[in-house]
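To start, the structure under review is shown below, and the notes come after it.
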Amino acid sequence: MKKTVLALAAALAATLGASAQTADASTYSVCVGEFETPGSEEIKTGAGSWWEKAPFQFYTKYSGIQAIYEADYLTGITPGDFINEVVFKYGDEGSFVYVEADLNLFIENTTVNQFDKKPDTDIYLWVDMDPTTSQSALDYEIELYYMEDEEIHFVLDKPLRYDGGNLLVTAFSEVTSGTEAQAMVTYAMKTDKPTTMAMGSDRESFLDCYDTGQMADYQGPNKYVPVVKFECTAAAGIGSVAADTAAPAQYFNLQGQPVDNPASGLYIRRQGTKTTKVIIK
């Protein structure tokens, strides 16, 4: 079911569109970790073995992460404001390869604050994600040759209205040309609980791994989050919130197609800037 729902994201992005905002709304940036000058004692460079690289590593054909950013790290974002862009930073210490890759990112509000084990096992579970929330996709290319710090910018298909709690970021890559970039450096901020889970494989994609509902035993979560910058826009005001409740509700089936009179079943419901999954009986 998870893979089926994930496949809807691209179709829903075009159908649901972006949230409306005023032209004169103010914009600002909020960083988690030392994004502008990474490398101090608070930042973990090279977050361990190749499968722990975050947000992406190009040593294997496929890689992916889920990272939980707790509200304590996000105090610079005003609840109700919109996140428009997510920016990661990494470095290279000696890979000599040209890489092309397909990159994907999903971001959503969440109440989850860490990764937990499957009951009675040592296997950690992925956090269930909602693919109808804000997302971004990139055809990415980079020449790794003792480069300076590199930024990856994900402009969201529709802004995410921040609710004041934690954020879940799910991101994954597929290398399409140029592999085994072994000397990438991860910039990450240490945390006090397991808040990032990463995978890498030449055979299994992130979505395949996610669909199994669990991680391999050697790819458990880590106590860090990737250094990140959130580009934000201040909300237009309380009028925009009221507009959500006054706006007509729209329904879509699991193929992203509009449904005028939904019968019993599972649907995507959009009202104003708010999108939810609903079951109609």
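Under 19 Å from the 7 Å Cα→Cβ point of Ser177, by amide nitrogen: which residues of region 103-127?
What the label zone holds, given the 19 Å backbone N cut-off, is 103-104.
In region 63-162, which GluC sites (Glu not before Pro) fall in coil by DSSP and have 15 or fewer other Cβ atoms within 10 Å?
Those that pass, being in a loop and sparsely packed, are Glu93, Glu148.
Show me the ranking of peptides 114-122, 159-167, 57-65 by mean Cβ neighbours inside 10 Å, starting with the highest.
Working: 114-122: 11.9, 159-167: 19.4, 57-65: 23.8.
Ranked from most to least packed, the peptides come out as 57-65, 159-167, 114-122.
State, to one decimal in nm, how far the label point of Thr27 lies from the label point of Asp208, with both points 7 Å from Cα in the Cβ direction.
Spacing of the two 7 Å Cα→Cβ label points: 3.9 nm.
Given a cut-off of 19 Å, name the pairs among Lys53/Lys223; Lys118/Lys190; Lys61/Lys118; Lys53/Lys190 whose C-alpha atoms lie farther apart than that in the structure shown.
Pairs exceeding 19 Å: Lys118/Lys190; Lys61/Lys118.
Only residues of region 68-85 count here: report those whose backbone N is under 20 Å from the spot 7 Å along Cα→Cβ of Glu36, or say none.
Under 20 Å, as judged by backbone N against the label point of Glu36, lie 73-78, 84-85 of region 68-85.
Would you give the gap between the C-alpha center of region 180-210 and the C-alpha center of region 97-141, rounded to a whole Å?
Taking the Cα centre of each part, region 180-210 and region 97-141 sit 10 Å apart.
Return, for the Cα atoms of region 49-167, the radius of gyration and Dmax in Å, separated by a comma.
16.1, 46
We did not get these values from a lab; they are worked out from the coordinates using the rules stated. Please read these numbers as outputs of a predicted model, since none were measured by experiment. Glycine also receives a Cβ, built like all others from the backbone with ideal geometry; neighbour counts cover every protein chain displayed.
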